[in-house]
Amino acid sequence: MRKNIVAGNWKMNKTLQEGIELAKELNTVLATDKPKCDVVICTPFIHLASVTPIVDKAIIGVGAENCADKESGAYTGEVSAAMVASTGAQYVILGHSERRAYYHETPEILKEKVRLALANGLTPIFCIGEVKEERLENRQNEVVRAQIEGSLFDLTAEEFSKIVLAYEPVWAIGTGLTATPEQAQEMHAFIRSVLAGKWGKEVADNTSILYGGSCKPSNAKELFANPDVDGGLIGGASLKAADFKGIIDAFA
């Protein structure tokens, strides 16, 4: 059975001290009112070793926002999948639209990151999604299919079963625009059909596909009510415990 997941992506926000405080606050609010879904917080690298021991592992998983496409070596400033795993983190976001756009991460680079993440026991939250122009040209399906094929199609069914997907319509990130529940469901169903075509219906049915794109407490319930939307990858709304919990409560 696939899992419902609400994952927070803190991006480049929160000092170490602020991040620790937020993790403690989430611990408290979720301990008194246990979530009906899996909860993950993906923090900046420098937070991982401090936040991972703090959270109640029965309630909150911890992940990184990225990892390197190299195993180790002379790559100044990079953080490897093995380093992420050594902190006790269990997840890593890969292929986020910001990484693709600002840091020119190609399908080949992401393929290597996925391989290294899996080799080190991490669960990749692999992001896919189209930009506004591609949506206006009605090319969203073609774009998303190419992103899945380009980085994930060399995985076996067993390897792919360890991946969580996150569909992020790039035109809806930080813009205040949100895909309608119908648009989200349509794309998530399409993604599941691509997975079924490659790895079979059982693998597709068991894959968690999250929605990421201006998801808030006010619209989460409607989005998550769709049969193929299994939760959210949350940006800005994950930076305040009350907002994040409001989204988690959509699964109450």
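Each reported figure results from applying straightforward, stated rules to the coordinates on display, with no laboratory input. Please read these numbers as outputs of a predicted model, since none were measured by experiment. Note that each Cβ is placed from the backbone with ideal geometry, even for glycine, and that neighbours are counted across all protein chains shown.
The table below gives the values:
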read-out	value
Ranking of S50, S238 by count of other Cβ atoms within 10 Å, fewest first	S50, S238
Viscosity 1.002 mPa s, temperature 20 °C, Stokes-Einstein D of the stretch 193-235 from Kirkwood C-alpha radius, µm²/s	190 µm²/s
Phi to ³J(HN,Hα) by Karplus 6.51 cos²θ - 1.76 cosθ + 1.60 over the stretch 143-155, Hz, x for Gly, Pro	5, 5, 4, 5, 5, 5, 4, x, 10, 10, 5, 8, 7
Mean Cβ count within 10 Å, highest first, over the residues of peptides 130-137, 244-251	244-251, 130-137
Residue-count net charge about N138 - beta-carbon cut-off 14 Å; Lys, Arg +1, Asp, Glu -1	-2
Mean projected area (nm²) of the alpha-carbon convex hull when the stretch 134-173 is viewed from all directions	3.2 nm²
Centre separation in Å (Cα based) which lies between the stretch 184-198 and the stretch 98-144	16 Å
Extension reserve of the F45-K57 stretch, reckoned as 0.36 nm per residue once the Cα distance is removed	2.5 nm
Whole-Å distance, taken between Cα centres, linking the stretch 224-252 and the stretch 32-62	15 Å
Whichever lysines have a C-alpha closer than 29 Å to that of K245, once near sequence neighbours (fewer than 8 apart) are set aside	K3, K11, K14, K24, K34, K36, K57, K162, K216, K221
Among G235, G213, G200 the positive-end extreme of the charge dipole of the chain (Cβ point charges)	G235
